[in-house]
Amino acid sequence: MRSDAAAGHGQLPVFVRMLWGGSPVLHPLPEDIHPQRARIDADDWYLPAELFHADRGRLHFAMLAHAAAHRQFGLAPMQRGGLQPIQQILVGLLEDARVEWLAMQDLPGLRALWTPFHSADAALTPTLEVLFARLARALLDPAYVDAHPWVARGQRLFFAGREGERGWQPPSCAVLRRVASILGHELGQLRLRLNAGVFEIQPGYRDDNAHIWTMPAQADGMPLPRPGAPAPDASGDDAPGADAPGADAQAARQDTAAPGGSPAGYAVRRLWTREWDYRIRRYRERWCCVRIEAPPVSGGVQVPQEPASPADRRIVQRILSQAHRLPARRRSMRGHLFDLPAVVDARAARRRREPVDPRVYREPVDREPVQSVAIVLDVSASTAAAIPGRGAQTVLERMRRLAFALADAVARSGGRCAVLAFASATRAQVRLQCLRNFGDPYDAAQAWAGLSRLVPGWSSRLGAAVRAAAILAGEEPSGARRRVVLLTDGHAHDIDSHDPRYLQEDLRCAREEARALGVEVVTVDPQALRRRR
Amino acid sequence: MSDPLVSWRIAAEPYYAPVGREVEAFEAAAALRMPLLLKGPTGCGKTRFIEHMAWRMGRALVTIACNEDTTAADLVGRWLLDADGTRWQDGPLAFAARHGAICYLDEVVEARPDTAVIIHPLADTRRVLPIEARNELLKAHPDFLLLASFNPGYQGFGKGLKASTRQRFCAMDFSYPQAQVEAAIVAHESGVDAQIAHRLVMLGRKTRALQDAGLEEGASTRMLVHAAGLVARGMSASEACRMAVVSALTDDADLCAVLSAAVDAAF
């Protein structure tokens, strides 16, 4: 099997799902737990912490495949009663071998995955740990011959003399206990003792087998961390925890609060949006609190309004044009009607025996539907920076002009637009200032005034902003072409996220979710004037 | 008189393993000249079924792979310039309607909206095709049959058929065959033995469970046939699956690594 260093932790649950289904949530074991052996607790699987910090190649897959085999083929938890600790370990070892055999019958390639982790060095002093490791190896591979009589006896008892035979099935629960009892008793006769303080299950991909016993998990001394729930934040009107939602499974939940500190008549909306965690490949439902509120009625610096420059108008035209290339109406390869000047040219060229331009048709162009555009400005602190090569003009100033030109163009084309400015300070505070609603009558002076009062600050949790804007755009009539134009200076970032990939992956998912809602998201970086779809 | 449809006739029987009573259902609908809509995921056998039925009924098959640039004119036809002036060229839909072929619009939702208007009069009891550019009302040949297919899985992205179009069609649902049947198809199409075919099918079914975990769609029967074909040419099953399934399904490096590990586990 290929060792692939590229396997990211976020995709590992997909591997489990590919084997026999199921979607475990992977957690790191507390680092103070020793030995670091995987633990299975229903759908929460705890893996050695080092696997989350460093790539250990195939060990991830070997460990997950073993755990998945337990879940798919494992016996019901059993009583420990009547078994000595050494016999309990042997039951675990035999059960490991049993589920691996059943797993390999279904997926033969697993043998090649697990075998390299088994060491069975006959040259080592046959301590208890060494004999256990040799027995584990002998049970995985019936062709393996071990010179130690105890290992050979364990192999014979497990396979009941039918190793390698077609149709052989691993032993039942009762047989396992009996074999463990016999082998444990014989170890006692060999005067080999268990040192529980240093004993480690081998090989390292196998779990601690706590799940095969009915004994309460807490009783054997390891605290089980639970995945954290969204932590309610400080109290007060702004605190999302103040009205934390219940357990409904909606992707986004909306509350409408009474106006407080907002201009009269403007209702604050609060949306609970989910967030994609690529590391566990799951959504964290109701994770971000997006507060849609009115803009401040004063503050900022009033900037004189200027008409959009021709360059800005061209950019806006590009942004608002069709997603695919608009074919020329005249001199087209397509269409069923001739374009007469093109036909005349073609005939003339033919008479001159020159190459004929085949673009001789008039193509009917689909009528552009009405557009509903939510223009979303990222006003995070970084937008206060000056744009290189543009003198003292800041990113925010550039965005402001572009947003104004966009709003103006949409209004002129008979479309509807909303203008929103957002910034975030942790998932609990994603603010979306609504400078203009879809239904508001267009007033250029008012639109400019709102834009000119924007002040940079906080961070940019782009995924949450896109989701909220897509929800607002999605409320527009379905016949309209609904779009979100996101003006942002760069990558998603927030102070409670330290993994640069995390919010970027969430943004990718948010864009896909918007697309599924029928809302197209166009991202524009005003510095580079790049446009991504 | 030469047969204008000779190039569109299917000479040899295309292999098709029925999974239910779809052959009888198709024949009944065809006898009534009902337009048919075939729904199902990509690579599950819709096109092969149509080829098989066209062969079985002795009809020519004109297939149009619709895309976002497919316009009504592309289907109906256009005037062309030649040395003597202009001449009319039937589009594939008009050609099939005029001469009595089966016209199959593959992925019909991809075509531009004006195509739906064109097929409406052909898809109801009128069975006519108005050719405005030629001032002609083309009456469909009695053997003409209109078929369309689409993948409902893509509809979430804002594409779908209008009710006025849908309601002119009868619909047949296709999905991936049961494991045993699918393995037989893979073995037949590629020449691999039954055990390899079975393992490939099991792997394919596992990928189909990942549709909400990063994959847009799981491995289709067509993909599995590709993988099996590579195995039949001497590649190892793992290598063949990486090439025909894993790399073809996703560009995400992490997901590729995980899928590759699952492929290795399967063989």
For region A:99-163, averaging the sequence separation of alpha carbon pairs under 8 Å that lie six or more residues apart and dividing by its residue count, the contact order in percent is 24 percent
Output ordering of B:106-112, A:421-427, B:56-62, A:329-335 (per-residue mean of other Cβ within 10 Å, highest first) is A:421-427, B:106-112, B:56-62, A:329-335
Here the averaged projected area of region B:172-267, based on the convex hull of its alpha-carbon atoms and given in nm², is 5.9 nm²
Yeah, region A:1-140 with a ≥ b ≥ c from its alpha-carbon gyration tensor (a/c under 1.5 is rounded, else prolate when a/b outruns b/c, oblate otherwise) is rounded
Residues whose modelled amide H sits under 5 Å from the amide H of residue A:374, counting only those 5 or more places away in sequence or on another chain, are A:418, A:483, A:484, A:485
Gyration tensor on Cα atoms of region B:61-131, a ≥ b ≥ c root eigenvalues, a/c under 1.5 rounded, else prolate if a/b beats b/c, else oblate, says prolate
Total charge of the residues flanking residue B:220 in space, meaning their Cβ is under 15 Å from its Cβ, with Lys and Arg +1 and Asp and Glu -1, is +1
With a ≥ b ≥ c from the Cα gyration tensor eigenvalues, square-rooted, and the rule rounded for a/c under 1.5, otherwise prolate when a/b > b/c and oblate otherwise, region A:411-478 is oblate
Between the alpha carbon centres of region A:448-516 and region B:170-244 the gap in Å comes to 39 Å
Relative contact order as a percentage, region A:405-469, C-alpha pairs under 8 Å and 6+ apart, gives 32 percent
Surrounding charge for residue A:305, neighbours by C-beta under 14 angstrom, Lys/Arg +1, Asp/Glu -1, total -2
Note, region B:83-96: 3J(HN,Hα) by Karplus (6.51, -1.76, 1.60, θ = phi - 60°), whole Hz, Gly/Pro = x, goes 4, 9, x, 10, 9, 8, 10, 4, x, x, 5, 5, 4, 5
Going residue by residue through region B:137-147, the Karplus relation 6.51 cos²θ - 1.76 cosθ + 1.60 with θ = phi - 60° gives ³J(HN,Hα) values, rounded to whole Hz and with x marking Gly or Pro, of 10, 7, 8, 5, 4, x, 7, 5, 9, 9, 10
Inter-chain shielding metric for B:199-206, i.e. average beta-carbon neighbours from other chains within 10 angstrom, reads 2
Percent antiparallel among DSSP beta bridges confined to the protein assembly as shown, nearest 5, equals 45 percent
Computed over chain B, the relative contact order (Cα-Cα under 8 Å, seq sep at least six) in percent reads 19 percent
Note, region A:463-468: 3J(HN,Hα) by Karplus (6.51, -1.76, 1.60, θ = phi - 60°), whole Hz, Gly/Pro = x, goes x, 5, 5, 5, 4, 5
With Cα coordinates, the longest principal axis of chain B makes an angle with the long axis of helix B:194-208, in degrees rounded to 10, of 80 degrees
Long-range amide H partners of residue A:78, meaning residues 5 or more apart or on another chain whose placed amide H is closer than 5 Å, are A:213, A:214
Long-range amide H partners of residue B:145, meaning residues 5 or more apart or on another chain whose placed amide H is closer than 5 Å, are B:101, B:102, B:103
If N is the residue count of chain B, its Cα Rg over 2.2 N^0.38 Å rounds to 1.13
Ranked output for segments A:515-526, A:167-178, B:134-145, B:36-47 by mean other Cβ atoms within 10 Å, highest leading, reads B:36-47, A:515-526, B:134-145, A:167-178
Within 10 Å of the Cβ of an average residue in A:99-107, the count of other chain Cβ atoms is 2
Expected integer from the mean partner chain Cβ neighbour count at 10 Å over A:13-21 is 6
Counting only DSSP beta bridges fully inside chain B, the antiparallel percentage to nearest 5 is 35 percent
Rounded to the angstrom and largest first, Cα extents along the principal axes for the protein assembly as shown equal 105, 85, 47
Total charge of the residues flanking residue A:106 in space, meaning their Cβ is under 12 Å from its Cβ, with Lys and Arg +1 and Asp and Glu -1, is +2
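Values in this text are rule-based calculations from the coordinates and carry no lab data. Quick caveat: nothing in here was measured; it's all calculated off a predicted structure. Counting neighbours? That spans all protein chains shown, and the Cβs are built from the backbone with ideal geometry, glycine included.
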